[in-house]
Amino acid sequence: LSICFRTVEPLEYYRRFLKENCRPDGRELGEFRTTTVNIGKCLCSITTADGSALVKLGNTTVICGIKAELAAPAVDSANKGYIVPNVELPSLCAERFRSGPPGEEAQAASQFIADVIENSQMIVKEDLCIANGKLAWVLYCDIICLDYDGNLLDASVFALLAALKNVQLPLVTINEETGLSEVNLKQKSPLIIRKHPVASSFAVFDDTLLIVDPTAEEEDLATGTVTIVTDEEGRLCSVHKPGGSPLTGAKLQDCVTRAITRHKEVKKLIDKVIKSITPK
Amino acid sequence: PGDTSVLAGLYGPAEAKVSKELPDRAALEVLLRPKVGLPGVLERSREQLLRQTCEAVLLGALHPRTAISLVLQVLSDAGSVSFPAGLLDAGLPLAALFCGVTCALQPDGTILLDPTARQEQEARAVLTFAIASSDRKVLMATTKGSCSVEEMQQCLAAAQRAASTIFQFYRDSVRRRYSKC
């Protein structure tokens, strides 16, 4: 009977749970789903990428692969490299996504990730420069969603961070005589990551209730969403509230506080995983 | 405001294509055309922001199975953008008016409202809020650059105060428009 009710009147079904301060999957309103992360070639299985990570946030599964290539820097910023994020929502992850050119959601997510990288100064583009005006690294970050069950942005930011921590760039020197670049694959150094941004998403219900880490079903029923990205110093890298029901400043503040707590949890998780795969 | 000008054209409520119509409310579509070049990923994400902000205030339930199209052409881009006066003019039923306010945080900590493009570039962080007229709540928020939590609250408070001035401007423009005819 409850399954019929859920299909016919999903909003009412949800309201009954929210009144008791919990959700159908048993979580509290402020509880995130179980997060697991696999980093690196052995566990993550993208052997052709320079860095990779697989993140599961409940059922939402996102994989991120980083490829590093060489290119000439742009004329107006000769000492900067490039970071090119691309979020893909293929039709295998959810039935609402059709195959073909990237839809609005994928493009908006790609823009969001680019903004997060830029705002948080996670990777400073000057660090990617090898020789001023001649050679720089381009990092292609491909984030692909394998299973969409809500909260794409949090999982994508997490996967990106984990994959970038895993990247090892070979040493590149420019031969003075010939002017050609020589890549030394034996000598690798990790990427310099200055900040560790973590995203926390919230869904707004009926203009008042805030729930953390919405599933796909909850996102459809919600009247608005908010995503807050914080870094380790407690600074806000991004407040992303694309329309939806209006919130007071106090509610926004609650979100920020929760996001800062979440940041600590995620940071601990990443550090633990990195330590477990670093060869002694 | 300032040097930015955007031309907004609103069409609807008109009949929607069967693939796009929604059974219980109007389907809103936003198209943003930049000054030069083809619309890219940045335009798509801005369109999504605008569309969801408008959907929140538009009483779409009054016009089910119709389509409302909002086409924006950027004429000159010099910073903050706000446009819902166009919606009001078309006579669409709105639950609340909203306005966009942009704050730039200077490197030394002072808050600048409605910055020019130059000021935006020099700023440590730029925060844009859409504030609703009914109760000064936040409808939309985006940030560029990083700032501390207190700074965000300060910018929000400043934006809410500035919103009152902008709503007064709306009232005056609408009064002028309708008093002639």
Probe 1.4 Å, protein heavy atoms only - accessible area per residue of chain A in square angstrom:
47 Å²
What nm distance separates the two modelled labels at residue B:22 and residue A:274, each placed 7 Å from Cα along Cα→Cβ?
4.2 nm
How far apart, in nm, are two points set 7 Å out from the Cα along the Cα-to-Cβ line at residue B:150 and at residue A:6?
4.7 nm
Note down the net charge around residue A:138, summing +1 for each Lys or Arg and -1 for each Asp or Glu among other residues with Cβ under 9 Å from its Cβ.
0
How charged is the neighbourhood of residue A:67? Take every other residue with its Cβ under 9 Å from the Cβ of residue A:67, and add Lys/Arg as +1 and Asp/Glu as -1.
-3
At a Förster radius of 45 Å, what calculated FRET efficiency corresponds to the Cβ-Cβ distance of residue A:219 and residue B:122, to the nearest 0.05?
0.75
Could you sort A:256, B:174 by their accessible area in this structure, using a 1.4 Å probe and putting the largest first?
B:174, A:256
If you average the alpha carbon positions of the stretch A:126-186 and of the stretch B:26-63, how far apart do those two centres end up, in angstrom?
33 Å
Sequence-distant or interchain residues sharing an amide H contact under 5 Å with residue B:16, placed H: which?
B:67
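In the structure displayed, which of A:195/A:268; A:165/A:272; A:165/A:267; A:80/A:264; A:125/A:195 lie more than 23 Å apart, Cα to Cα?
A:80/A:264
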Loop-located chymotrypsin sites (Phe, Trp or Tyr not before Pro) in the stretch A:130-222 whose Cβ has at most 13 other Cβ within 10 Å (DSSP):
none
To the nearest 0.05, what FRET efficiency results for residue B:170 and residue A:178 with a Förster distance of 56 Å applied to their C-beta separation?
0.30
Phi-based couplings in Hz for the stretch B:22-37 (Karplus 6.51, -1.76, 1.60; Gly and Pro marked x)
10, x, 10, 8, 6, 8, 9, 10, 10, 10, 10, 10, x, 5, 10, x
How many percent of the accessible area of the stretch A:26-170 is carbon or sulfur, using a 1.4 Å probe?
50 percent
Specify the angular offset, from 0 to 90 degrees and rounded to the nearest 10, of the alpha carbon long axis of helix A:10-19 from the longest principal axis of the alpha carbons in chain A.
90 degrees
Other chains' Cβ within 10 Å of B:155-163 residues: what's the mean?
1
Considering only A:54, A:156, A:8, whose Cα is most displaced toward the positive end of the charge dipole of chain A, charges sitting on Cβ of Lys, Arg (+1) and Asp, Glu (-1)?
A:54
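The values are calculated or read from the model by the stated rules, or taken from the named source; none is laboratory data. No experiment lies behind these values; they were computed from the predicted model shown. Virtual Cβ from ideal backbone geometry, glycine too; neighbours counted across all protein chains shown. These accessible areas exclude ligands, DNA and RNA; they are computed on the full protein's heavy atoms, side chains included. Shrake-Rupley method; radii C 1.70, N 1.55, O 1.52, S 1.80 Å.
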